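Structure, as structure tokens:
The values are calculated or read from the model by the stated rules, or taken from the named source; none is laboratory data. Since the model is a prediction, treat every value here as computed from it, not as a measurement. We place every Cβ from the backbone using ideal geometry, glycine too, and count neighbours over all the protein chains shown. Surface accessibility is based on the protein's heavy atoms, side chains included, excluding ligands, DNA and RNA. Shrake-Rupley method; radii C 1.70, N 1.55, O 1.52, S 1.80 Å.
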Amino acid sequence: MSAVAHPIVDHNVPPGEPPHIHHMDTPTAYGAAKLGMWLFLGTEILLFAVLFCSFAVMRYYHLAEFHDASKHLNLWAGGFNTVILLISSFTAAVAVTKAQKGDNAGVVKNFGISIVSGFIFLLVKGYEYSEKAHHGMFPFVWNSDFYHYKNFLGLYFCMSGLHALHVVIGMGLLYWYGVRPAMNNRFSGKYYTPVELGALYWHLVDLIWIYLFPLLYLVG
Amino acid sequence: MLGLLGQQGSDFAHKVDYAHDVVTILSVICTVAIVGVMLYFAVIYRQRDGKDHETPRIEGNNTLEIIWTVFPTLVCIWVAWLGYDSFVALRTPPANAMEINVTGRKWAWDFTYKNGKKTTGELVVPVDEPVKLVMTAKDVLHSFFVPVMRTKADVIPGRYTYEWFRPIQTGDFQVFCTEYCGNEHSKMLARLKVLPKAEFERWLADDSEARKLASLKPSDRGKELYVSKQCVTCHSLDGSQRVGPSWLKIFGKEGKLADGSTYKVDENYIRESILQPQAKVVQGYPAMGMPSYQGQLSDDDITGLIEFMKTLDGTQKVEVAPALPKKSAASTAGMTPAERGKALVNDAGNMCATCHSIDGSAMVGPSFKGLYGRKEKISDGSEVTVDDAYIKESIYKPAAKIVQGYGPVMPAMYEGKLSDQDVADITEYLKTLK
Amino acid sequence: MAAHASAAVNEELNYLNWQKGIWSWLTSTDHKRICFLYLFTILLFFLAGGVAALLVRTELAFAGPTIITDPHTYNVLFTMHGVFMIFLFVVPGIPATLGNFLIPLMIGAKDVAFPRLNLLSYYVYVVGALIGAVAMFNPIDTGWTFYAPYSTTTGTSVSLMVFAAFVLGFSSILTGLNFIVTIHQLRAPGMTWMRLPVFIWASYATAVIQTVATPVVGMTLLLIIAERWFGAGIFDPSKGGDPVLMEHLFWFYSHPVVYIMVLPAFGVVGEIIPVFSRKPLFGYKLVVISSMAIAGVGFIVWAHHMFVAGISDFSAKFFSIVTFLVAIPTAIKVFNWVSTMYKGSISFKTPMLYAMAFVFLFMVAGTTGIYLAMLGVDVYYHDTYFVVAHFHYTIQGGAVIGLIAALHFWFPKMTGKMYNETVSKFAFAALFFGFNLTFIPQFMLGMDGMPRRYYDYPAEYQTLHTISTIGAYLNGFGYTFALANLLYTALFGKVKAPRNPYNSHGLEWQTQSPPIHENFAEIPVVTEEPYNYGTPTGRGH
């Protein structure tokens, strides 16, 4: 998943020093890791681009249904989640600054807030899904009154589901490549690549939601 | 010129063939020239003694490189224009073109003329008159290809596409389906029959049946459609149970849907159920049992069906002409039993294929693939082996032993319709579907 | 080319033998070993796909049922042929094997940028392949194109197979990403962009396409699963979806994927011809520009697969015109290869024979592609055997011949042995004639209007089909013979390869054969352009 090519917790390396990589020097490794991550984020955006494109086409065919169906989404829950993700993205950015200053406790704290925010986001999302299922606006339990919303809801579940999966992966990355090594005082002004990459990934997760929210909840 | 694409059947075929000729001549010249130069270099600059010789360090030549960038560009513009020009001809039907509706389905072509005349597998058109085919598909993608006319277009469920041609000679021509559509894709053929104009008019007018339909009062029109659109396969008129609800006293009926909510059969409910059968399925019936008739029934047809249903109030017994069995026109002489069985299964009159697939996919009933010899659990929990006796019983008395997971929906209409010999032949056919 | 590496290393120790045991191979992050992991796996699928092709050809040898008694099995076989050959053999093909082996060697690096990710890509590929193999228990019958709504309604295990393709795509993305970063970051001192060998440029263009196009098809395949599992209503028209949208998304990947397959082969030919002609590659800059142009333009031509698929006439016209833009850089490349031979000192080792065959086969592929780019003519040829023959000339005549050429060319470097020249020339002849015998009749079948994916056909097509089948067997024999020769000499060959058997200027030839674990004892410094063969004052013959 991650484009980080070197061990994060390497006990042979003193804290704060970049790990030794046998086939390239440290600045090159930093550049390579960053370029790799940006490319990977590009592929993620392309992955979602298919869904955005399908959304545009389906909306063109089923304009009225899309309009009506989007009113059935819980605007408050969606709005709350947007705020939550914005906060988490902010703390992820703060964590990078902390890492650059060698403040490992700050990394743990700020990434911790981001991870908890991710949890809250998923809980709210789960609540929204169960609400939909309860009303028969869910695959397998369609209520026939809402069956004509299936094109909108099908895309809604694909898009928000895939995004939720990215939230889960992002939480894992923040923990594994950020919090855990930070607890071992791994980061310093000389070495903070994993924190930066983890934060980049988390910003992407946030960014995609910033587009999903108005598209699904507001425009419809 | 070169005639590589064979006989020209339409007035624009020569445009396509001209473009084809030009690009063929250019391609042969280019390939021979390039490969010729390459082989020439290979021969004269070969190492005669197996040793490397001194060579000049030529890294490029701007003039040459500009020439072979510009020259192919110019050639490309020319051939692109030829392709474009012929395409415009292919895609621009004259306003007075005769429209024929084409429906592709697994695995046959249906043609409907403006006067209501219908054919399957045979498209009859007049010579020298432009014909526009307005096409849609019932199930999956198909493609209507008439090589001799040089035209082709995909046929897509849920939308219309078109193609047109003006035949320039009479005769019988081949039509292919060129978009892969499943097992019998290579058998999804049709014949294009181009007739002299007067003969075509006679053929078209000889259509008492369809004309009758248009002149009927709505409820009688519905009654005709009930048979011809094969509603009869799944909906009885006497209250007996088939795949779908019986139409006896159906209008005004109330009840529960699969999801527990209630419904009342009125005009709009019927219309929706015909066009979007999955939208509101009555409790106890298969969710995917009915195909959509979107695009196949006109508003008048639907009105006719509704009016027909209204007459089924139980006050008088309504009978329709038996839903076939018209014997399949094809002669079965000289066929092996298995081939006869296959013909019977595929015969539209018997409608086996409506509910039983032969590719393993579950439809309303179990697939025929691998059925023979299999052990099946039936609804009372016991196990039966699918053998000759079981098949015979299931055809004649479908309700007797029903495989678990399927409903008691197969009509008991085959006793008397299929002979013992027929059943034996079908059994032979099933044995081949492993 | 390079101020060569120091020779003060133990010539006996190399990447093949510095660690021993099967486990050391399966867990190796050495790009050269990963090349071999890929090579063996993809050749297995080449074999499986080839057997499927021969079964299909045998069935088609005569009208009516021949050896396959029902159309379903036939449909499964041609689908298997397509899926195996495309997703499991040709797409990983040159990039994952020779790309892996050569990119670090050619740019003077010790390994790719992310060696562990490289190994992960391989195992992702293996997982995808295994899922695909499991799907074969209820084998799919959709064709490799997975068109909806057939793919969303058929009873076979489409979900599993498209998921396999999704996983394989993921592997392809990671490989592409790795190569882009490697080429950007790990070039040796002095290895400027305009000193990169054309194989690197081709691999770079390929990697860009892999990274940009593959996510799109990945998501599209997931949507097919969503459609099958809970009727998302995106592609299935009976649920309000749009099957043409699926075709657009599919071809947005599957057209560029043709360049993923064939661009590296262009690169291979661009490496082979200068060495065996003892001449610099003619018009290096233009060749580089044309590679990148093909990669770029390749993204805006996808709907030329859909001229009759129900797209608007305006779209058809647009996509036809841009398709011709691809023809121009392709033509430039051919002209440059041939010009490279001018006044050369040409020797006909097996790789050179393959390279020259490639030029011929690609001329046929390219010119028949022009027919298909022409709107009016494509309407006739769409989904006929003409298309089948055209893309086999492109993919087999291009990508596969390119791979076989490359395996011969770099064989001494990869294995440290020399292959048997006589046997490989004989195999080449069988393969080349077999190939043409298979597909020239198929062009003629297409001219007669024979549709593709037909289990049975009208009797008048039989003669051409029979000839084609004979050719297919000869072709299959040629491949088997060529690869068996390589395998045999790799394992049991006695002739040791020198460091630089062809006297090439390529950086990969400056280190020992086979190279040491980290390629170069000392990172080389590059001081020259890549193909400085010949002398500035030389006059040739």
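For the reader, a short list of remarks on this structure follows.
- Flag for C:Tyr147 being assigned to a loop (DSSP other than H, G, I, E, B), open to solvent by 10 Å² or more (accessible area, probe 1.4 Å) and of a type in the set (Ser, Thr, Tyr): yes
- Scanning region C:328-352 for residues that are aliphatic (A, V, I, L, M) and touching a Ser or Thr at 6+ places or on another chain (Cβ under 9 Å) turns up C:Ile328, C:Ala331, C:Ile332, C:Met341, C:Ile346, C:Met352.
Each row is one residue, and each column tells you yes or no for (1) modelled with pLDDT of 90 or more; (2) within 7 Å of another protein chain (Cβ to nearest Cβ); (3) in a helix (DSSP H, G or I).
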{"position": "B:Thr24", "(1), (2), (3)": "yes, no, yes"}
{"position": "B:Ile34", "(1), (2), (3)": "yes, yes, yes"}
{"position": "B:Val37", "(1), (2), (3)": "yes, yes, yes"}
{"position": "B:Phe41", "(1), (2), (3)": "yes, yes, yes"}
{"position": "B:Arg48", "(1), (2), (3)": "no, no, no"}
{"position": "B:His53", "(1), (2), (3)": "no, yes, no"}
{"position": "B:Glu59", "(1), (2), (3)": "no, yes, no"}
{"position": "B:Glu65", "(1), (2), (3)": "no, yes, yes"}
{"position": "B:Phe71", "(1), (2), (3)": "no, no, yes"}
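- Scanning region C:511-537 for residues that are crowded, with 22+ Cβ neighbours inside 10 Å and more than 14 Å from chain B (Cβ to nearest Cβ) yields C:Thr511, C:Gln512, C:Ser513, C:Pro515, C:Asn519, C:Phe520, C:Pro524.
- When residues in region C:295-338 are screened for being at the interface with chain B (Cβ under 7 Å from one of its Cβ atoms) and farther than 18 Å from B:Ala80 by Cα, 6 of them pass.
- From the options B:Phe145, B:Phe111, residue that is out of contact with any helix residue (DSSP H, G or I) (no Cβ under 6 Å at 6 or more places or on another chain), at negative phi and facing chain C (nearest Cβ under 9 Å): B:Phe145
- Single residue of B:Ile402, B:Ile391 found to be hydrophobic (A, V, I, L, M, F, W, C) and closer than 22 Å to B:Pro337 by Cβ: B:Ile391
- Once region B:255-304 is narrowed to residues that are within 22 Å of the chain's Cα centre (by Cα) and outside any loop (DSSP other than H, G, I, E, B), the residue that is nearest to B:Pro245 (Cα to Cα) is B:Ile274.
- Residue in region B:80-95 that is touching a strand residue (DSSP E or B) at 6+ places or on another chain (Cβ under 6 Å), open to solvent by 30 Å² or more (accessible area, probe 1.4 Å) and part of a loop (DSSP other than H, G, I, E, B) present: yes
- Single residue of region A:147-168 satisfying the filter (within 21 Å of the chain's Cα centre (by Cα) and open to solvent by 50 Å² or more (accessible area, probe 1.4 Å)) that is nearest to the other protein chains (Cβ to nearest Cβ): A:Leu165
- So B:Ser10, is it more than 9 Å from every other protein chain (Cβ to nearest Cβ), open to solvent by less than 40 Å² (accessible area, probe 1.4 Å) and among the hydroxyl-bearing types (Ser, Thr, Tyr): yes
- Hey, C:Phe348 in contact with a helix residue (DSSP H, G or I) (Cβ under 9 Å, 6 or more places away or on another chain), at the interface with chain B (Cβ under 8 Å from one of its Cβ atoms), open to solvent by 10 Å² or more (accessible area, probe 1.4 Å) and in contact (Cβ under 8 Å) with a residue 60 or more places away in the chain or not: yes
- Single condition B:Ile100 does not satisfy, out of (1) part of a helix (DSSP H, G or I); (2) β-branched (Val, Ile, Thr); (3) free of Cβ contacts under 8 Å to residues at least 60 places away in the same chain: (1)
- Restricting attention to region C:153-176, the residues being within 12 Å of chain B (Cβ to nearest Cβ) and open to solvent by less than 20 Å² (accessible area, probe 1.4 Å) number 3.
- C:Met306 open to solvent by less than 10 Å² (accessible area, probe 1.4 Å) and without any contact (Cβ under 8 Å) to a residue 60 or more places away in the chain: no
- Scanning region C:351-377 for residues that are more than 10 Å from every other protein chain (Cβ to nearest Cβ) and without any contact (Cβ under 8 Å) to a residue 12 or more places away in the chain yields a total of 0.
- Any chance C:Asp448 is within 13 Å of chain B (Cβ to nearest Cβ) and within 18 Å of C:Leu54 (Cα to Cα): no
- Number of the condition not met by A:Ala77 [criteria: (1) touching an Asp or Glu at 6+ places or on another chain (Cβ under 8 Å); (2) surrounded by 17 or more Cβ atoms within 10 Å (Cβ to Cβ)]: (2)
- Residues that are open to solvent by less than 10 Å² (accessible area, probe 1.4 Å), among the aromatic types (Phe, Trp, Tyr) and farther than 27 Å from C:Phe266 by Cα are absent from region C:98-118.
- Yes/no for B:Asp266 being acidic (Asp, Glu), open to solvent by 70 Å² or more (accessible area, probe 1.4 Å) and more than 14 Å from chain A (Cβ to nearest Cβ): no
- Restricted to region B:44-72, and to residues there that are β-branched (Val, Ile, Thr) and surrounded by 15 or more Cβ atoms within 10 Å (Cβ to Cβ), the residue that is nearest to C:Val308 (Cα to Cα) is B:Thr69.
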